[in-house]
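I have placed the structure first, in the form of structure tokens, so that the comments after it can refer back to it.
Just so it is clear, none of the values below were taken in a lab; they were calculated from the coordinates. Keep in mind it's a predicted model, so treat the numbers as computed, not measured. FYI the Cβ positions are ideal-geometry reconstructions off the backbone, even for glycines, and counts take in every protein chain you see.
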């Protein structure tokens, strides 16, 4: 009993010390250079963190390749959050990141999208080679991570040489998404997280994680950070369970996160969060929900019980397949009450 109490007191003291340290930095500003695909999740986290600590988080969002070049040229930045390891590797070789702060925080997957209304008749990547498909918007496949990943996947399928003449390179993944939304391109390959935020596109094909490129988002404090202490504290926040819940809400995969919201974000009896415009209710200790579509839902299980790799929850419908809540909402499933 005495030892347990002592441990709890020590733990409380450590947590209190950490937050007091953050509280001593009100008015500090942290400049975060981050991949465009992180836009929505980081805006939510930056707002939450700023209200709690008084530290202003400023986001510079764009293609990871562009951001890395700006940092290399001396742009004022405290944290770099890249959509691939290669850009971070390059900065590390240049001695531009603080040793010991780098961590691979997130993962993502690719989807093939077309316009939601009157979109191209595409069911698989091989359809991109059809004459009817004239323009394919991709983030610059020579430099921007989303485009590099797409090119890698199409090359693996033996399609790149056929479809490359149709490719219209864009500045970043959000620009590729916008091209399909506006009807300026017949199709695009973007991150799943980007497709989720748009009502103007639909997913024609989802690249299986096991078959697609390994997508990794590393983050680190930069050596020339103007506010290194505040940057370090925000990096700790990005590594927290609370932040993991936000990233998962926007469709990212987070190693070690199993679908439950942080305890401090739950109500007394249940917690609610928004996913794909629908409500997911999570009772403490029960990271499962039921999804219904004409009464065809069979059961729900944590993803780790489905394939041992993904995190969050999955639902099996009558056809026997599995679907994630975010994708379910986008395909007309409603969360049961």
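Here are a few things to note about the model shown:
- Backbone N within the stretch 93-126 under 17 Å of label point (7 Å from residue 157 Cα along the Cβ vector): 109-115, 120-126
- Spin-label model, residue 135 to residue 48: label points 7 Å out along the Cα-to-beta-carbon direction sit 3.8 nm apart.
- Per-residue Cβ neighbour counts within 10 Å put 140, 40, 186 in the sequence 40, 140, 186, beginning with the fewest.
- When 64, 41, 107, 124 are arranged by Cβ crowding within 10 Å, least crowded first, meaning fewest neighbours, the order is 124, 107, 41, 64.
- Multiplying the residue separation of residue 239 and residue 126 by 0.36 nm and removing their Cα-Cα distance gives an extension gain of 36.8 nm.
- In percent, rounded to a whole number, the relative contact order of the stretch 110-206 is 47, using alpha-carbon pairs under 8 Å and six or more apart.
- Put in line by how crowded their Cβ is, counting other Cβ atoms within 10 Å and starting with the fewest, 221, 254 read 254, 221.
- For a label point 7 Å along the Cα-to-beta-carbon line of residue 182, residues of the stretch 122-158 with backbone N under 20 Å: 134-141, 144, 146-147
- Both numbers refer to the Cα atoms of the stretch 94-170; Rg and Dmax are 16.0, 51 Å.
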